Amino acid sequence: MPTALVCSTAFAPAARSLAKALGVPDLMIATIPHPFSWSGLSREDISTRVNGVLDQVMRGLTKTTETAPRLSAGGRR
């Protein structure tokens, strides 16, 4: 199933390691600058952050079944 994970840059290395360990090394991991907080940000700043990862998320969600990792019910390929 096409999937995309959004996380802050501080957690991206851990997310990549975990995805690889769980058998989904091709998982699309879209990163947003750390800290992942909207408080204190203007609407323009939030829009900039969202637009910065939107293409990555869309690629992850629109992968064809030939290129998307396949998982079994137990979470492994």
Practice prompt. Quickly run through the stretch 12-45 and pick out the residues that are among the polar types (S, T, N, Q), loosely packed, with under 12 Cβ neighbours inside 10 Å and under 22 Å from Pro2 (Cβ atoms).
Written response: Ser17
Fill in: Index of the failed condition, Thr48 passing every other in (1) exposed (fewer than 12 other Cβ atoms within 10 Å of the Cβ); (2) over 20 Å from Thr3 (Cα atoms); (3) modelled with pLDDT of 85 or more; (4) not aliphatic (A, V, I, L, M)
(1)
Practice prompt. Just need a number here: residues in the stretch 51-66 that are surrounded by 14 or more Cβ atoms within 10 Å (Cβ to Cβ), outside any helix (DSSP H, G or I) and either in contact with a helix residue (DSSP H, G or I) (Cβ under 7 Å, 6 or more places away or on another chain) or modelled with pLDDT of 85 or more (or both).
Written response: 0
Worksheet, complete the sentence: Just one listed residue, out of Ala15, Ala30, Ala19, Ala10, is at pLDDT 90 or above, part of a loop (DSSP other than H, G, I, E, B) and either touching a Lys or Arg at 6+ places or on another chain (Cβ under 9 Å) or among the aliphatic types (A, V, I, L, M) (or both), and it is Ala10
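The values are calculated or read from the model by the stated rules, or taken from the named source; none is laboratory data. Here the structure is a predicted model, which is why all the values come from computation and not from measurement. Please note: Cβ atoms are built from the backbone with ideal geometry, for glycine as well, and neighbour counts cover all protein chains shown.
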